[in-house]
Amino acid sequence: MVTAYVLIVSESGTEDSVISNLNNIPSVTDAFGTFGAYDILTKLESSDEQDIQHDISNGIRKISNIRSTLTLLVDKKSGFLKTNKIEQEVLDRHMAQAFVTIHCLKSDESSVMKNLEEIPEVVEANVLIGSHEIICKIVAPTYNDISEIVSKKIRKIPRIKSTITINVINNQGFSK
């Protein structure tokens, strides 16, 4: 399975329209409205990397009102997922969520991943190819709790150089 995340900046006020268009792209499995530097985070999955490349180039980037995109390709190294589909639906409905991109040395990825897996609120993590080494998804009761998890748990992991937190807007987006 090939996985990628695409971070999207859209024209102000067009997020719902963009998310609606993303739902029509075959390899897009999730799309979330976010707040911060990016307006939308989307996840793509396919058995064929060509499908993902096609859907990004000829699908996502062709949607009107998208100003810019940043593609984060997941490395085929093992990541982890702690929830099943039903559990994730409950979390999506009742918890604050965020994705955190992590910058560290490539040689420190496995150590950082092991530390992330020990944090209960980190429900998913993957190694990336490119400018960020890891992306993880965290859940907590409130955004204040998310902030504490990032500052007191994730950023305290040895060898992490920097992080970017992308908070998810509940009820804006979809999971297929």
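The values are calculated or read from the model by the stated rules, or taken from the named source; none is laboratory data. Being a predicted model, the structure only gives us computed values, none of them experimental. FYI the Cβ positions are ideal-geometry reconstructions off the backbone, even for glycines, and counts take in every protein chain you see.
Quick look at the numbers
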item: Looking only at region 1-29, and only at residues there that are surrounded by fewer than 19 Cβ atoms within 10 Å (Cβ to Cβ) and either in contact with a strand residue (DSSP E or B) (Cβ under 8 Å, 6 or more places away or on another chain) or in the same structural domain as I164 (by TED's automatic domain parsing) (or both), the one that is modelled with the lowest pLDDT; result: M1
item: Candidates E87, E117, filtered to the one that is out of contact with any strand residue (DSSP E or B) (no Cβ under 7 Å at 6 or more places or on another chain), farther than 18 Å from Y5 by Cα, of a type in the set (D, E) and surrounded by fewer than 19 Cβ atoms within 10 Å (Cβ to Cβ); result: E87
item: Residue in region 97-113 that is surrounded by 15 or more Cβ atoms within 10 Å (Cβ to Cβ) and assigned to a loop (DSSP other than H, G, I, E, B) present; result: no
item: Among the residues listed as I157, I138, I134, the single one being touching an Asp or Glu at 6+ places or on another chain (Cβ under 8 Å), buried (at least 18 other Cβ atoms within 10 Å of the Cβ), at pLDDT 95 or above and over 11 Å from Q97 (Cβ atoms); result: I134
item: Options T163, T101, T69; residue that is in contact (Cβ under 8 Å) with a residue 40 or more places away in the chain, assigned by TED's automatic domain parsing to the domain that holds F35 and either on the phi < 0 side of the Ramachandran plot or basic (K, R) (or both); result: T69
